[in-house]
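No lab work stands behind these numbers, since they all come straight from the coordinates. Bear in mind that the values here come from a model prediction, so they are computed numbers and not experimental data. Glycine also receives a Cβ, built like all others from the backbone with ideal geometry; neighbour counts cover every protein chain displayed.
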Amino acid sequence: MTTDFPAATLEAHQLWLAYQRTSVIEGLDLVLPAGRVTAIVGPNGCGKSTLLAGLARLHSPSGGCVLLDGDDIQRLPSRTLARRLALLPQQAQAPEGLTVAELIRFGRQPHQGWLRQWSADDQQVVHDALRAAGLQALADRPLDTLSGGQRQRAWIAMTIAQQTSLLLLDEPTSALDLGHQIEVFELIRHLADTGRSIVTVLHDLPSACRYADHLIAMLDGRIVASGEPSTVVTPALVRQLYGVECRLLPDPDTGSLLFADMRLAADTE
Amino acid sequence: MSWIAVGGEKNKVGHVPISENLSDVQRSGVFAPPGHWRLGWYWAGRRREASILIDRRAFLANVGLGVALILTSLIYLCTGTVAIAPASTLRALFSEAEPTVAFVVNDLRLPRMLAAWLTGAAFAVAGCLMQTLARNRLATPGIIGIDNGATAFAVASVVGLGVSLAPPAMALTGAATATALTFGLAGGGGTRGYRFIVAGIGVGAVFGAATQLLMARVAIDVANAAYPWTVGTLNARPTGTMTVLAIGLGIGVVLSLRLSRALSTMRFSEAIAQGLGISLRRSRLQALSLAVSLTALAVAVAGPVGMVGLIGPEIARHLSSPRGVPVIGSALAGALVMTVSDGVGRLLLSPIELPVGIVTAIVGGPYLLWILLRQGGSGNV
């Protein structure tokens, strides 16, 4: 399966995001690399999920703008945006009794219409999405009978079926055990190989270092570091973000960072 | 132009032919997803294509409900203080019959049956829209006070509070007022969750009390004239209002069907629906206006028979597949429930007539309790 997607660039200019009167993000600038996996990391409450919601237009900015390939996302019609940017929020919930294939077919919604309810394209894309997520054998199983990892792959498959160049995921692995997490991370890597740009909020820094090409570290609504994980992540950054002391070693096989000897920093209390 | 209909039969095994070579899928044409019939059209040398999917289970459910409705309606027309044989009834409907039979069937029972169909369908479609919108099966117009708002305003016009608008217009005004109040009181939370329902119950109670107050302050014969509005009855409904309802229901069902794709996506959480390209604000406004208008028109004919808005969609959802929002199914089930209820109300204590609103409340009350008390019943649609 080599569906190649045109490179999509997403940027934020002087972005302000607020809940009622409380500003969470104040004047943030950001350019996401196209065709890569970008992980947004940071401690709880640092505004990483809010930033993702802003990038996906779930949250309207109180100032500044988000540009998708140069177009202000606030001005794009909903369907047009859904054909260019797919989103998987946290704790996604489906109507009772829906099967895997039925869920994935909902991903075709932005491409369909009243007189275009099921085309050869739809069939092909849903088939590809099932394959990509390794769910062919489970296509007709109800979602609620699946394991957590399988269910999360089904949700990601739904966003795959949207056929967007850009995929935004909010903590896609947060409720999963180790094996299921790796299942999902490998699917994400696989999707990046097809040319998609992927932005994911992660709370787990070691996984972010292992699977992301680009890292954005946030603290108090600001970006404190961004770049390739192996150059950006330092013991000093880990201390600044999480109040944790650690040693970082390069993995002898892959070169990615290993976290060793983690403990609370003495001066955090 | 060629006509190609691909049935679902070829497709028992999986959702598309499982094949390692993807070009096989393309070569073998388009298959309907499981549980569907697909109707496809090609024109301009197969360069342009249109396709419609019909959900098999929903379709069969609708056929079943339609047949049940027709049979029930036939019984409805045959029974009453004067029993008429089915054959004579059919003759009266479709050809010539003796004048007394024709009078009873065509002039007395048929209009009332049509009123049951129209109001039942309108209440149930409105209920289906509201439940889907709020993602909660308790959020029907009857429960969140829209019925009561419509009733209070209609009663105000009947008892002559110096307002000369016709009952349908008053009912519409009342329904819109109740909805606006409910929204205002529920605050920014929109149509989600219990806050909206609780606000609606409060608003409904206020309007219910207002209705009682209006009735208490007028002469007994005026109060008598207004009484049917407060319980819901199909006895001797105004024909002009029926015509308005018939037209409104037709338009309402077509618009609801247009909206049903968005509605089925709105059953997911908000973020997902938005991510799939649904403009939530617009779709919600459309669904809400439709539900309010349909409820108001139905109240203007039958009074507040809001339980149908709860039971109708529930039957339809139970019979249909979880893939879609059963607009047509709700309409048919609502008409069926209304016809059965009114038939029972006419016959049970004959010659005394029970108003249909009371029958549906007697059936609906326990049902409501069941929804609320059922184990693990989150109330989600």
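Within chain B, which whole H helices from DSSP have a Cα span along their axis of at least 20 Å and a mean Kyte-Doolittle hydropathy of 0.5 or more, if any? Kindly include the intermediate steps, with their values, before the conclusion.
Values: long enough: B:56-78 (33 Å, 1.51); B:110-134 (36 Å, 1.29); B:167-186 (28 Å, 1.10); B:193-217 (37 Å, 1.17); B:239-266 (38 Å, 1.29); B:280-302 (32 Å, 1.13); B:327-347 (30 Å, 1.34); B:356-373 (26 Å, 2.08).
Span-like helices here: B:56-78, B:110-134, B:167-186, B:193-217, B:239-266, B:280-302, B:327-347, B:356-373.
Give me a single rounded figure for A:93-102: the average over its residues of other chain Cβ atoms within 10 Å of their Cβ. Don't skip to the end; give the middle numbers.
Working: counts 6, 5, 13, 6, 3, 5, 6, 1, 6, 7.
The per-residue average across the peptide is 6.
Within 10 Å of each Cβ in B:319-327, how many Cβ atoms from other chains are there, averaged over the peptide? Could the numbers behind the result be given before it?
Details: counts 0, 0, 3, 8, 7, 1, 1, 0, 0.
Counting Cβ atoms of other protein chains within 10 Å of each residue's Cβ and averaging gives 2.
What fraction, in whole percent, of alpha-carbon pairs in the protein assembly as shown exceed 42 Å separation? Walk me through the numbers on the way to the answer.
Details: 78809 of 210925 pairs.
Counting pairs separated by more than 42 Å, the tail of P(r) holds 37 percent.
As a test, work out the antiparallel percent of DSSP beta bridges whose residues both lie in the protein assembly as shown, rounded to the nearest 5.
Values: 40 of 58 bridges.
Restricted to the protein assembly as shown, the bridges split so that about 70 percent are antiparallel.
To the nearest 0.05, how large is the calculated FRET efficiency for B:ALA85 and A:ASP144 if R₀ is 51 Å and r is the Cβ-Cβ distance?
Values: r = 52 Å, r/R0 = 1.01.
Calculated transfer efficiency: 0.50.
Kindly provide the pair-distance distribution of the range B:298-381 built from C-alpha pairs, with 10 Å bins from 0 and whole-percent values in order of increasing distance.
Percent of Cα pairs in each bin: 17, 43, 31, 8, 1.
Among B:ARG284, B:ARG56, B:ARG317, which one moves the most in a GNM of chain B with springs linking Cα atoms closer than 10 Å?
Per the Cα network of chain B with a 10 Å cutoff, B:ARG56 tops the list.
At a 10 Å Cβ-Cβ cut-off, how would you order A:HIS214, A:HIS203, A:HIS127, fewest neighbours first?
Fewest-to-most Cβ neighbours within 10 Å comes out as A:HIS203, A:HIS214, A:HIS127.
Tell me, in nm to one decimal, what length is gained between B:TYR227 and B:VAL67 on full extension, where the rule is 0.36 nm per residue of separation less the Cα-Cα distance?
Numbers: separation 160, 0.36 × 160 = 57.60 nm, distance 3.42 nm.
Gain on stretching B:TYR227 to B:VAL67: 54.2 nm.
Ranking A:THR254, A:THR194 by Cβ neighbours within 10 Å, fewest first, what do you get? Show your work: numbers first, answer last.
Numbers: A:THR254 9, A:THR194 16.
Arranged by neighbour count, lowest to highest, A:THR254, A:THR194 become A:THR254, A:THR194.
In what order do B:TRP370, B:TRP41 fall by count of nearby beta-carbon atoms within 10 Å, going from fewest to most? Numbers along the way, then the final one.
Details: B:TRP370 10, B:TRP41 15.
Ranking B:TRP370, B:TRP41 by Cβ neighbours within 10 Å, fewest first, gives B:TRP370, B:TRP41.
Mind telling me which of B:PRO304, B:PRO167, B:PRO34 comes out most flexible in a GNM of chain B, alpha-carbon contacts under 10 Å?
B:PRO34
Please give the calculated 222 nm ellipticity per residue for the protein assembly as shown, where each DSSP H segment of at least 4 residues contributes -39500 (n - 2.57) and the sum is spread over every residue; nearest 500 deg cm²/dmol? Before the final figure, lay out each step's value.
Working: 24 runs with 330 residues, N = 650.
Using -39500 (n - 2.57) per qualifying helix, the result is -16500 deg cm²/dmol.
Write down the radius of gyration of chain B and its Dmax, each obtained from C-alpha positions, in Å.
23.0, 82
If contacts are Cα pairs under 8 angstrom and at least 6 residues apart, what is the relative contact order of chain B in percent?
Over chain B, the number comes to 24 percent.
What FRET efficiency would be calculated for the residue pair A:THR254, A:ASP177, taking the C-beta separation as r and a Förster radius of 30 Å, to the nearest 0.05? Display every interim value, and only then the final one.
Numbers: r = 22 Å, r/R0 = 0.74.
Here the calculated transfer efficiency is 0.85.
Would you please state which residues of the range A:28-64 a label at A:VAL224 would reach in this model, taking the label point 7 Å out along Cα→Cβ and a backbone N cut-off of under 16 Å?
Taking a point 7 Å out along Cα→Cβ of A:VAL224, the residues of the range A:28-64 whose backbone N falls under 16 Å are A:40-49.
Suppose R0 equals 30 Å; then what is the FRET efficiency for A:ASP213 and A:GLN20 from their Cβ-Cβ distance, rounded to the nearest 0.05?
On the way: r = 36 Å, r/R0 = 1.19.
It comes out at approximately 0.25.
Going toward the positive end of the dipole of the protein assembly as shown, with +1 on Lys and Arg Cβ and -1 on Asp and Glu Cβ, which of B:CYS128, A:ALA265, A:ALA208 do you reach last?
Value computed over the given set: B:CYS128.
How big is the equivalent ellipsoid of the range A:111-150 along its three axes, where each semi-axis is √(5λ) from the Cα gyration tensor, reported in whole Å from largest to smallest? Before the final figure, lay out each step's value.
Working: eigenvalues 115, 30, 12 Å².
Equivalent ellipsoid of the range A:111-150: 24, 12, 8 Å, largest first.
If you place +1 on the Cβ of every Lys and Arg, -1 on the Cβ of every Asp and Glu, and leave all else neutral, what size is the dipole of the protein assembly as shown about its Cα centre, to the nearest 20 Debye? Please report the intermediate quantities before stating the final value.
On the way: 50 positive and 44 negative charges, 311 e Å.
Charge dipole of the protein assembly as shown: 1500 debye, to the nearest 20.
Return a whole-number percent for the relative contact order of the range B:219-309, with Cα pairs under 8 Å and 6 or more residues apart as the contact set. Before the final figure, lay out each step's value.
Values: 55 pairs, mean separation 46.9, N = 91.
Computed over the range B:219-309, the figure is 52 percent.
Considering every residue in A:80-89, what mean count of other chain Cβ atoms within 10 Å of its Cβ is obtained? Show your work: numbers first, answer last.
On the way: counts 1, 3, 5, 1, 0, 2, 3, 5, 3, 7.
Other-chain Cβ atoms within 10 Å of each residue's Cβ, averaged: 3.
Based on Cα coordinates alone, diagonalise the gyration tensor for the range A:3-130, multiply each eigenvalue by 5, take square roots, and list the semi-axes in whole Å, largest first. Walk me through the numbers on the way to the answer.
On the way: eigenvalues 176, 61, 44 Å².
After diagonalising the Cα gyration tensor, the semi-axes are 30, 17, 15 Å.
Can you tell me the dipole magnitude for chain B around its Cα centre, using point charges on the Cβ only (Lys, Arg +1; Asp, Glu -1), in Debye to the nearest 20?
Values: 28 positive and 14 negative charges, 260 e Å.
Here the size comes out at about 1240 debye.
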